[in-house]
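This report refers to the structure that appears directly beneath it.
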Amino acid sequence: MSQLQAYDPITGTAIDDLFRGFFAPVRLEKSGPAAIKMDVSETDNGYQVHAEIPGVKKDEIQVTIEGNQVTIGAEVKRETESKDGERVLRTERYYGRVFRSFVLPTEINESASEAKYENGVLDLKLVKKAPVSGRKLSIQ
């Protein structure tokens, strides 16, 4: 059982931290790379992957398969159009490279697998590699 500790709000630093944080100016940090969100399901002969990569052209997406490891990468590019007299007040969208790697229980047959990108969603149909049967060694 974990140890219990008595809490005293007057002598503790919680009240000080609360008021110190309450009057501090709010600063929003630049957001980092957005994670590629995905769903993975298994079928009898393979895996189905749906990965959300909005705002990316299909030419800027790379899918790499090495054994049972799958890597999805994309280049999110910023297209800026500055007009005279216009100034940016806030920008929160991320621009740069994003990656997502995951390992599946079985190896993937790269040549039989397919990828399709439509409306910001990458659909992968990954076919399982046929299991290699053991080979008998002849004893000499």
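Bear in mind that the values in this text are calculations on the coordinates, not laboratory data. What you see is a predicted model; the values in this text were computed from it and never measured.
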³J(HN,Hα), Karplus 6.51/-1.76/1.60, whole Hz, each residue of region 47-63, x for Gly, Pro: 10, 10, 10, 10, 10, 8, 9, x, x, 10, 7, 5, 6, 9, 10, 10, 10
Under 5 Å, built H, 5+ apart or other chain: amide partners of Asn109: Val127, Lys128, Lys129
Segment Asp44-Glu60, extension gain: residue separation times 0.36 nm, minus the distance between their alpha carbons: 2.7 nm
Under 18 Å from Lys125, Cα to Cα: lysines that are on another chain or at least 8 residues apart: Lys37, Lys58, Lys116
